[in-house]
Amino acid sequence: MVTKRILYRPQAPTGPEAHHTAAPLSSAADWGLLLIRLTFGLLMAAHGAQKLFGLFGGGGLTATGKGFAALGYQPGKLFAVIGGLSEFLGGLGLALGLLTPLAAAALIGVMINAMATVTGAHGLWDTDGGVEYSVCITVVALAIAAIGPGRLAIDRFFRWGAGGWAEAAFALGLGGIGAAITLSL
């Protein structure tokens, strides 16, 4: 009898009450994901704009290029463009929920490079110049790729818009490969 109750699924109502039980167009989870995507994505895009355009108190491409060259990236200005575009476009992509796994991969790759060249030698905590901030960015980007951007995203119309293991693996794999190539140059 227990099995019968578990397997039994009542028919969905077809009368006027069916209208009231329909799934909502968006849920609290969708709005929560939008809040995370917008805050995180727009801040990352602004961080990239500091490097690329000198906006928001940033040094711009010339100063950022000199900083990259001092870290051993040659030519510094080219790597500043790559890093800045990865943050800018990756951030915009996450904010809009557009090409979410690719946007996440861009941010993951940049953060792996930051951890390997700048923050890794300083331990965990950001107060000591450590990897805390970069790890948080990496994990949020990976989680959004895994969860999917939600219904309030452009990607909802595409297969990868639902997120999943494949999307998370793509973001982490592509970000890791991009970082490995950059670090090997």
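The values are calculated or read from the model by the stated rules, or taken from the named source; none is laboratory data. Here the structure is a predicted model, which is why all the values come from computation and not from measurement. We place every Cβ from the backbone using ideal geometry, glycine too, and count neighbours over all the protein chains shown. Each accessible area value is taken on the protein alone, full model and side chains, heavy atoms only, with ligands, DNA and RNA left out. Shrake-Rupley method; radii C 1.70, N 1.55, O 1.52, S 1.80 Å.
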Residue hits (the range 170-184; open to solvent by 60 Å² or more (accessible area, probe 1.4 Å) and hydroxyl-bearing (Ser, Thr, Tyr)) are Ser184
*asked:* Scan the range 148-160 and tell me whether some residue there is part of a helix (DSSP H, G or I), open to solvent by 10 Å² or more (accessible area, probe 1.4 Å) and under 28 Å from Leu61 (Cβ atoms).
replied: no
Considering the range 49-102, residues that are among the hydroxyl-bearing types (Ser, Thr, Tyr) and in a helix (DSSP H, G or I), and then whichever is most open to solvent (accessible area, probe 1.4 Å), we arrive at Thr62
Among Ile36, Ile112, the single one that is assigned to a helix (DSSP H, G or I), open to solvent by 20 Å² or more (accessible area, probe 1.4 Å), under 17 Å from Asp155 (Cα atoms) and touching a helix residue (DSSP H, G or I) at 6+ places or on another chain (Cβ under 9 Å) is Ile36
The one condition Leu124 fails out of (1) in contact with a Ser or Thr (Cβ under 8 Å, 6 or more places away or on another chain); (2) outside any helix (DSSP H, G or I); (3) surrounded by fewer than 22 Cβ atoms within 10 Å (Cβ to Cβ) is (1)
Across (1) at pLDDT 95 or above; (2) in contact with a Gly (Cβ under 8 Å, 6 or more places away or on another chain), Thr117 clears everything bar (1)
Only unsatisfied item for Ala45, checking (1) closer than 26 Å to Gly163 by Cβ; (2) open to solvent by 10 Å² or more (accessible area, probe 1.4 Å), is (2)
Note on the range 149-162: residues in contact (Cβ under 8 Å) with a residue 60 or more places away in the chain and under 21 Å from Ala45 (Cβ atoms) are Pro149, Gly150, Leu152, Ala153, Trp160, Gly161
